[in-house]
Amino acid sequence: MEQGLNPEFLRSLEAVLEGRWASRIMLIVVIPVLAIAAVVLPPLALPERILSAGYTTITRDGGSVLDPDGTQLTIPPGSVSGEIQVRLSSTPRADFLAGTAGDAQIAEAIPANLEMKSPLYSFAFRGEKPQTVTISVPIPNDAEPLSTLDLYAWTGREWQWIPRTIYPEDDVVETTLSSFPQAVAVVQTAPMVPSISAPLPAGEALPPEARDILVEVEAQALPVQSDGIDGNATVSAASTLLEQPGEGTSYIVLPTLSNEVNGVLRSDLVNNILVSDELRANHIDDIVNLTVQEMYPGINLDYQGLPPELRPQFTDFAAELAAQLHANHKLLAVTVQTPTRIAEDRWDTGAYDWQALGQAVDTLKLPGLLRPQAYRPGGEMDALLEYATNLVDRYKIQVVLPSYSTDWVGDSVTLRSYAETLQLLSGSLILSEGRDVYAPGEEVTVQLSGSPSSVSFDDQIHSYWFAYTDGCDQRTV
């Protein structure tokens, strides 16, 4: 048998509820709390709606957000495991540069060599960080020339170049990133003052006339001497290394660390280092310690002939080395191998991941193509540079051009020094006057005879060339 509530208790409760203080509590506390809860909690959830204004919810199936001008941010399927809220907004270029949009500090941080061409596109997200985002921006109307157009992102501290691909047929610039930028802008780049660096073989002296025109000398005096398996140092200072220049000089000396030992590529030593975490760490320590102890400004890493399957290991090695050198205020340059063209817009770069290396190093040294015809307008060299600047900040790229003449027979080439090239002609030079002695300043007429044809000038590549016969072979220099 159920027992009802105690009548005495009910009378006491009624007295409390009807009391003066109880009514005040109901009016001041309980009713407002209930009203707030009704607004905050579903189905209204007003604060959540206010905070989410302008955001688009994207699920693990992927999705996009669009700006009215056509700019699009896409999160591909599988880039998030749950949901993410994304917002895309744009600030007109004039307002942004004038500082009237509240971004004056960001506008002032744009480097002097960059000219902003697009609005500022800002991004925000709430929730899980996506693994991959793709951003597509319309090419601005006054952005020509497209070959020098770039995409920069604001990191919160500085403007940073980001990889991009230009699609003229679609009139867009596109980038795919593994991080979520705060903002991006399309910029036109200005050319830097041309500079020249040059290699210096071990034991050679730098010619006096070169000291005023070079900005960098790569002293080729540091071969890899061990893989470190036996506990020996992998590299050591070379006594023949050119001394660092004194104050007032225009160049620095950057030692080149190479896997070429006595004319032989010792890729086996580097391969052993790359496949072992321990040996790789030891090699990095050896390089950094050498650079610091000898007070080198940095190092130029020139490891050639690496197998493509070691591409991830070499990338990790270069990134780790760059981080440690930068921590000691040193530079890292990496010389890559000449790539092979495999499609109109694609090149096989072998063991060298240009995009990843470009993010880590200070300079990427790119060997130029040997065929003179490659340097004609719209030729292979233009295609290679377009490919390279899609992946690497153009201000980090140094094109390595041979100072030798190229002597071609079919697809085979022989590199010849300037003296050797002149020697090919010297046996066929005739002084028309037939004299042995000439006065200073006197005009001398020289004629070609024998097998070489006349020397011609190719005005497309701005280079001289001639052909000659060597036995049965027709050769072109």
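The values are calculated or read from the model by the stated rules, or taken from the named source; none is laboratory data. Model, not experiment: these values are computed from the prediction. Neighbour counts run over all protein chains shown; Cβ positions are idealised from the backbone, glycine included.
Residues in the stretch 276-328 that are part of a loop (DSSP other than H, G, I, E, B), at pLDDT 95 or above and out of contact with any Ser or Thr (no Cβ under 9 Å at 6 or more places or on another chain): there are none.
The combined condition, being surrounded by fewer than 16 Cβ atoms within 10 Å (Cβ to Cβ) and touching a residue at least 60 places away in the same chain (Cβ under 8 Å), is not fulfilled by residue 380. Do the conditions hold for residue 342, that is, is it of a type outside the set (Ser, Thr, Tyr) and under 26 Å from residue 226 (Cα atoms)? Judged against the criteria, residue 342 is not a match.
When residue 87 is tested against (1) assigned to a helix (DSSP H, G or I); (2) at pLDDT 90 or above, only condition (1) is not met. Inspection of the stretch 335-351 finds no residue satisfying the criterion of being more than 23 Å from residue 165 (Cβ to Cβ) and either touching a His at 6+ places or on another chain (Cβ under 8 Å) or in a helix (DSSP H, G or I) (or both).
Listed by first and then second residue, the pairs with beta-carbon distance under 7 Å, at least 6 apart or on different chains, first residue in the stretch 173-187 and under 15 Å from residue 64 (Cβ atoms) and assigned by TED's automatic domain parsing to the domain that holds residue 132, second exposed (fewer than 15 other Cβ atoms within 10 Å of the Cβ) and hydroxyl-bearing (Ser, Thr, Tyr), are 174/167.
In the stretch 94-107, the qualifying residues are those that are more than 26 Å from residue 75 (Cβ to Cβ) and not hydrophobic (A, V, I, L, M, F, W, C), and the one that is surrounded by the most Cβ atoms within 10 Å (Cβ to Cβ) is 95. Considering the stretch 158-175, and only residues there that are within 22 Å of residue 362 (Cα to Cα) and surrounded by fewer than 17 Cβ atoms within 10 Å (Cβ to Cβ), the residue that is farthest from the chain's Cα centre (by Cα) turns out to be 158. I'd like to check something: does the stretch 323-339 contain any residue that is closer than 27 Å to residue 402 by Cα, in the same structural domain as residue 397 (by TED's automatic domain parsing) and surrounded by fewer than 19 Cβ atoms within 10 Å (Cβ to Cβ)? Yes, because at least one residue in the stretch 323-339 is closer than 27 Å to residue 402 by Cα, in the same structural domain as residue 397 (by TED's automatic domain parsing) and surrounded by fewer than 19 Cβ atoms within 10 Å (Cβ to Cβ).
Within the stretch 132-156, residues that are among the aromatic types (Phe, Trp, Tyr) sit with their Cβ atoms under 7 Å from residues that are at pLDDT below 95 and in a loop (DSSP other than H, G, I, E, B), at 6+ positions apart or across chains, in these pairs: 154/181; 154/182.
Among the residues of the stretch 402-416, just one is among the charged types (D, E, K, R) and either exposed (fewer than 14 other Cβ atoms within 10 Å of the Cβ) or not in a strand (DSSP E or B) (or both), namely 411.
Of all residues in the stretch 150-165, none satisfies the criterion of being over 21 Å from residue 357 (Cα atoms) and at pLDDT 95 or above.
Residues that are within 30 Å of residue 146 (Cα to Cα), touching a Phe, Trp or Tyr at 6+ places or on another chain (Cβ under 9 Å), aromatic (Phe, Trp, Tyr) and buried (at least 20 other Cβ atoms within 10 Å of the Cβ): does the stretch 288-303 have at least one? Within the stretch 288-303, not a single residue is within 30 Å of residue 146 (Cα to Cα), touching a Phe, Trp or Tyr at 6+ places or on another chain (Cβ under 9 Å), aromatic (Phe, Trp, Tyr) and buried (at least 20 other Cβ atoms within 10 Å of the Cβ).
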